[in-house]
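For reference, the structure is listed below as structure tokens.
The values are calculated or read from the model by the stated rules, or taken from the named source; none is laboratory data. This structure is a prediction, so every number in the text was calculated from the model and none was measured. Because the Cβ atoms are built from the backbone with ideal geometry, glycine has one as well, and the counts that use them run over all protein chains shown. Accessible surface areas use protein heavy atoms only, side chains included; no ligands, DNA or RNA. Shrake-Rupley method; radii C 1.70, N 1.55, O 1.52, S 1.80 Å.
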Amino acid sequence: MDGNTIATPATRVHAASLAQSRAARELGLKRGEFELAVRLGRVRTVPAEGGGRRRVAREEIQRVRDTAGFPDTLRERVRAVGTTEGAGLMDITTARFTRLARAGMLTPVRFYLNRYRAVVWLYLAEELREFAAAEVNAPLMTGRAPDRMRARLDAGIDLRPRNWRSRHAGHLLGQSTDAWERAAAVASLLDPVTVLELVKCPYERGYLSKLRPESRGHGTPDSPSARIAERIMTADDPHEINWLRASLLLSLAEARRLRPAPRPTTGLPAVAPPAPDVVLAEPPKGMGVQSPPDTEPPRPSRGLLGWLRRRGT
């Protein structure tokens with residue numbers, strides 16, 4: 001560094017971290033493998049100074065490298081497989097594998113659209129082996145499926161999108177650094193009409209839109225592929241929507257208490273009404289392989305219900 005160069009805090013932070021593309025090369029991972037490692041928390045990221053895509057600290061690179069069995073262990077932990085390979089790992093037919101996934105027994109970790117714009121779901125190989133090895137799941141691997149599971153499948157229910165969104169929501173909330181970012185993460189999973197109904201203030205809606213998590217790898221905006229991906233990423237199950245609505249209201253209440261959404265300098269007061277201390281509603285189950293989902297909707301806490309009644313919501 002030149003003797004006349006001043007190392008600002010931003011410069012030091014930037015030098016102490018790597019862009020995600022560089023971090024992937026340092027760890028010997030392909031782009032998809034690295035993105036999955038970040039989603040699963042195998043590789044931790046930090047906010048970029050001044051905004052932008054999150055970065056990876058050099059200390060984190062070293063921590064991952066020091067893990068026993070690196071890099072093979074890391075690659076195996078982020079290995080994602082499709083239906084055919086997954087069925088082979090579990091030693092079952094592809095038809096049974098698909099039925100287990102549609103019934104919510106197996107949670108997808110990723111999806112993509114093939115050349116025919118058909119959705120291809122991917123699953124963690126590590127989770128599939130654990131599911132097949134669990135003695136409690138032995139009846140699901142052979143023989144007749146339970147009546148409740150067959151009834152759900154006969155009704156045409158497919159829980160793969162919902163379970164993927166639950167996992168995706170956990171990742172987004174884990175990456176959020178404050179209440180406004182958490183609110184934006186929750187709002188990104190709801191349709192625009194619902195967000196408009198719940199967030200009356202246009203300044204707040206604009207701020208949530210600005211903080212909306214980046215969607216990558218699903219085609220150019222407004223393309224057919226992007227529209228299909230948008231449908232998958234938007235909640236459509238009534239119970240799921242109810243939980244997201246409650247969580248958005250709670251996050252907004254906390255965010256308003258901390259600071260108002262930015263407003264243009266028009267002389268209008270940027271003061272938001274106070275809101276009580278709240279706790280984000282517990283997210284629905286959907287992380288990793290799971291037992292059959294309950295049909296009962298996730299219920300907010302009594303404190304939430306009482307507060308909503310008092311607010312007249």
Unmet criterion (only one of (1) more than 16 Å from the chain's Cα centre (by Cα); (2) closer than 28 Å to Gly206 by Cβ) for Ser166: (1)
Qualifying residues in the stretch 115-155 (those that are among the basic types (Lys, Arg) and assigned to a helix (DSSP H, G or I)) - the one most open to solvent (accessible area, probe 1.4 Å): Arg148
Only listed residue being modelled with pLDDT under 50 and either crowded, with 18+ Cβ neighbours inside 10 Å or more than 16 Å from the chain's Cα centre (by Cα) (or both), chosen from Val289, Val199, Val195: Val289
In the stretch 158-197, residue farthest from Leu124 (Cα to Cα) [restricted to those that are among the polar types (S, T, N, Q) and in a helix (DSSP H, G or I)]: Thr194
Which listed residue, of Val13, Val38, is modelled with pLDDT under 85 and surrounded by 15 or more Cβ atoms within 10 Å (Cβ to Cβ): Val13
Contacts under 7 angstrom Cβ, first residue in the stretch 137-159 being closer than 19 Å to Asp91 by Cα, partner open to solvent by 50 Å² or more (accessible area, probe 1.4 Å) and modelled with pLDDT of 90 or more, 6 or more apart: Ala145/Arg99
Residue within the stretch 101-109 that is buried (at least 18 other Cβ atoms within 10 Å of the Cβ), of a type in the set (D, E, K, R) and assigned to a helix (DSSP H, G or I) present: yes
Every residue from the stretch 44-66 that is in contact with a Lys or Arg (Cβ under 9 Å, 6 or more places away or on another chain) and in a loop (DSSP other than H, G, I, E, B): Arg44, Thr45, Pro47, Ala48, Glu49
Residue tally, condition part of a loop (DSSP other than H, G, I, E, B), out of contact with any helix residue (DSSP H, G or I) (no Cβ under 9 Å at 6 or more places or on another chain) and without any contact (Cβ under 8 Å) to a residue 24 or more places away in the chain, over the stretch 200-259: 4
Pick from the stretch 54-99, criterion among the acidic types (Asp, Glu) and open to solvent by 60 Å² or more (accessible area, probe 1.4 Å), ranking: nearest to Thr142 (Cα to Cα): Asp91
Residue that is least open to solvent (accessible area, probe 1.4 Å) [pool: residues in the stretch 221-249 that are closer than 18 Å to Leu196 by Cα and among the hydroxyl-bearing types (Ser, Thr, Tyr)]: Ser247
Leu252 being open to solvent by less than 80 Å² (accessible area, probe 1.4 Å) and either at pLDDT below 90 or not small (Gly, Ala, Ser) (or both): yes
